[in-house]
Amino acid sequence: MQNKKGLPLLLLTSFIWGTAFVAQRKGMEYIGPFTFNGIRCLIGALFLVPLVVFTVKFARKAGADDPAALGNYNSRRSLMVGGILCGLLMFTASSLQQYGMVFTTAGKAGFITAMYIIIVPILGLFIGKKVRPILWLCVALAIAGLFLLTMKEDLTVSPGDLLVLACALFFSLHILVIDHYTVRTNAVGLSAVQLLITGILSIPCIIIFEKVDWDMVMECAIPILYAGVMSCGVAYTLQIVAQKFTEPTLASLVLSLESVFAVLAGVVVLGEVISMRELTGCILMFVAIILAQLPEKKLVNK
């Protein structure tokens, strides 16, 4: 019964994240990547402030020893250290993603970014975490899918594809850092701090590499607001609420549908066309992502 409460919210979360790739692509038609990322992250941080205040007050009523209450030195320290580290990684990953999307399609960017689901457990090997044998099959399928998705007729890779792949690596590190700090401090506060740090880091890059035209910013106000409020603010909040009612494996499976929504949104909204070769690559990567998250017992039984 609990899963039924969380699944609709998780489905909506994956829809928002997937369609946000289109908002990012549209925003890049008017302003630079640092400007887009900086503004949307600051908007997202501002949006989360009331939620942070509410969750901290609620946690303090629950008990002073609750890490979410920020009632002790270690919790506050974890919030700042974790928030800064997450912000640095998020800034790097999102910047690579934004630049990559200048040279690739929204659908391809969505699928390649989803490689973090497979990269994360591989990186876990370096910190002593065991990897299930099925994961190596997933890696092989993902590599095959990535080859079909990114390689052109002359066997070259688009610069945008490589940038988005690098983005997936940094998002993988980002996920591992969040995994370490989220149990040590307020989760929503951690998100707000990382968004604030990402927005602040974007400012000097905007000054150095880009020239802000506020008329152009206003022209793409809808994509910025969608990416800031919906993707950074609403979707993250929905994920937190939904996962209270959904077991982690099922939650990650539903959230991985953001890649499918990214492809569909690219076709419907932007009029992008994918070839049969690229479609095959998408399917292989999607299968790899699903297999990587299925419980081991179900795989053994089969």
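Quick notes
- THR246 vs. criteria modelled with pLDDT under 80, crowded, with 21+ Cβ neighbours inside 10 Å, among the β-branched types (Val, Ile, Thr) and more than 20 Å from MET115 (Cβ to Cβ): yes
- Those residues of region 27-59 which are touching a Cys at 6+ places or on another chain (Cβ under 8 Å) and surrounded by fewer than 18 Cβ atoms within 10 Å (Cβ to Cβ), in sequence order: GLU29
- PHE47 of a type outside the set (D, E, K, R), within 28 Å of ALA227 (Cα to Cα), modelled with pLDDT of 85 or more and in a helix (DSSP H, G or I): yes
- Filter result for ILE222 (of a type in the set (Val, Ile, Thr), part of a helix (DSSP H, G or I) and modelled with pLDDT of 85 or more): yes
- Yes/no for ILE208 being in a helix (DSSP H, G or I) and modelled with pLDDT under 90: yes
- Region 275-302, residues that are among the aliphatic types (A, V, I, L, M) and at pLDDT 75 or above: MET276, LEU279, ILE283, LEU284, MET285, VAL287, ALA288, ILE290, LEU291
The values are calculated or read from the model by the stated rules, or taken from the named source; none is laboratory data. Please read these numbers as outputs of a predicted model, since none were measured by experiment. When we count neighbours, we look across all protein chains shown, and the Cβ atoms used for this are built from the backbone with ideal geometry, even at glycine.
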